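Data first, discussion second: the structure below is written as structure tokens.
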Amino acid sequence: MSSKGSASGVKGEAKRALRVGVIGAGVMGSNHARVLAGLPDVTLVGVVDPLPAHRTRATDLAGCRTFERLDELIAEGVDAITIAAPTHLHHETALACIARGVHILVEKPIASTVEEGRDIVAAAHRAGVTLMVGHVERFNPAVAAIKQAISGEDILSIAITRVGPFPPRMSNVGVVIDLAVHDIDLIRWFTESDIVEVQPQLSSAVAEREDIALLQFRTASGVLAHINTNWLTPFKARNVTVATRGKYVMGDLLTRQVTECFGFKPDGSYSMRHLPVGHDEPLRAELIAFLHSVRTGGIPAVTGDEGVASLEIAIRCLETPAKPAAASPARKGPRRVVAG
């Protein structure tokens with residue numbers, strides 16, 4: 001089977017099983033393989049990883065074939081590939097897949113640099129293949145409930161907390177690229193507006209790269225947003241709050257509980273209710289959305305341009321120097337109250 005031919009013919013063959021592969025058999029890639037192996041009308045062709053231990057893990061989880069090199073997977077004939085390799089390999093790997101006419105989902109961040117991300121987007125456009133970026137948090141049922149609750153509302157502010165212990169698997173990026181990029185994407189998605197102002201405060205308390213980040217933003221639509229993220233908290237917390245003129249929405253992305261406050265009265269009283277939240281596995285929902293766009297030729301749920309935009313803001317957070325606080329007027333001594 002020709003990869004080029006199989007990819008270009010997918011749109012007209014909605015009933016044919018899609019032949020899909022995975023690049024990278026780390027934690028995320030192995031989960032990709034597990035989910036893909038269980039999807040209807042999908043044939044998991046195999047997983048690529050240079051490390052034997054990783055290939056063994058993928059086989060144990062998904063019961064699939066494994067390959068040491070991408071060309072070996074391509075030779076088997078694939079319609080689509082999900083790229084869950086380390087970020088510094090995204091550019092080279094994505095371009096190799098695109099050159100063979102293979103549709104791709106690239107895990108976040110889309111690439112190591114904005115320029116590489118734009119290269120991937122341009123190449124996919126020229127080749128006419130589907131490119132989706134794996135911002136999986138959009139598919140969290142709690143996030144979907146928040147998005148629905150604020151639809152049509154005049155959003156005033158967004159606050160997101162994403163903290164937890166230091167992940168032993170991380171080596172070449174800090175919390176901004178690993179964690180905050182999720183929430184940068186959510187801010188852009190919730191507001192449907194670009195981020196135009198960035199005010200970061202970063203610190204490296206115990207790691208070589210930043211492990212604490214307090215990030216403030218303003219969108220083109222005037223929404224103020226704040227992200228608090230770190231690797232110093234002994235437990236994971238994922239919380240989102242959105243204030244609009246008509247309601248206040250609170251969501252816990254781990255417990256998937258979303259609460260809405262509304263009906264504010266002049267005396268300070270208001271009403272509160274818990275919103276219905278689905279139970280889908282976010283990764284499964286994401287992969288289904290990707291394969292649907294492959295089959296139909298429709299716009300992916302997270303486009304390459306959106307992935308590049310979120311990466312660009314994350315990198316601006318790392319490159320923008322913190323502004324020094326304005327000096328306060330000096331006081332010569334404590335204030336005294338003098339009796340008249």
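Summary of computed values
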item: Rounded, prolate or oblate (a/c below 1.5 giving rounded, otherwise prolate when a/b exceeds b/c) for the stretch 189-269 by Cα gyration tensor; result: oblate
item: Long-range amide H partners of Thr43 with built H, under 5 Å; result: Leu18, Arg19, Val20
item: Length gained when the stretch Gln216-Cys261 is fully extended (0.36 nm per residue, less Cα-Cα span); result: 13.8 nm
item: Top of Ala142, Ala99, Ala205 by mean-square fluctuation, Gaussian network on the chain, Cα under 10 Å; result: Ala205
item: Convex hull volume per residue in cubic angstrom - Cα atoms of the stretch 45-90; result: 77
item: FRET efficiency for Asn172 and Leu232, using Cβ-Cβ distance with R0 set to 22 Å, rounded to 0.05; result: 0.70
item: Efficiency of FRET between Glu153 and Glu115 - r from beta-carbon atoms, R0 45 angstrom, step 0.05; result: 0.80
item: Loop chymotrypsin sites (Phe, Trp or Tyr not before Pro), the stretch 193-275, which have at most 16 other Cβ atoms in a 10 Å radius of their Cβ (DSSP); result: Phe264, Tyr270
item: Value of relative contact order over the chain, rounded to a whole percent, pairs C-alpha under 8 Å and six or more apart; result: 18
item: Global geometry of the stretch 16-57, whether rounded, prolate or oblate, following the gyration tensor of its Cα atoms and the 1.5 cut on a/c; result: prolate
item: Other-chain or far-sequence residues with amide H under 5 Å of Val106's (modelled H); result: Ile83, Met132, Val133, Gly134
item: Gyration tensor (alpha-carbon) shape descriptor, the chain, a/c threshold 1.5; result: prolate
item: Segment Ser193-Met272, length gained on full extension (0.36 nm per residue, minus Cα span); result: 25.6 nm
item: Lys pairs, the chain - Cα-Cα below 26 angstrom, 8 or more residues apart or on other chains; result: 9
item: For the stretch 86-152: relative contact order, % (alpha-carbon pairs under 8 angstrom, 6 or more apart); result: 33
item: Per DSSP, loop trypsin sites (Lys or Arg not before Pro) in the stretch 161-212 with at most 15 further Cβ within 10 Å; result: Arg169
item: Whole-Å distance, taken between Cα centres, linking the stretch 244-293 and the stretch 94-141; result: 29
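Bear in mind these aren't lab numbers, they're just calculated from the coordinates by the rules spelled out. Here the structure is a predicted model, which means the values were calculated and not measured. Because the Cβ atoms are built from the backbone with ideal geometry, glycine has one as well, and the counts that use them run over all protein chains shown.
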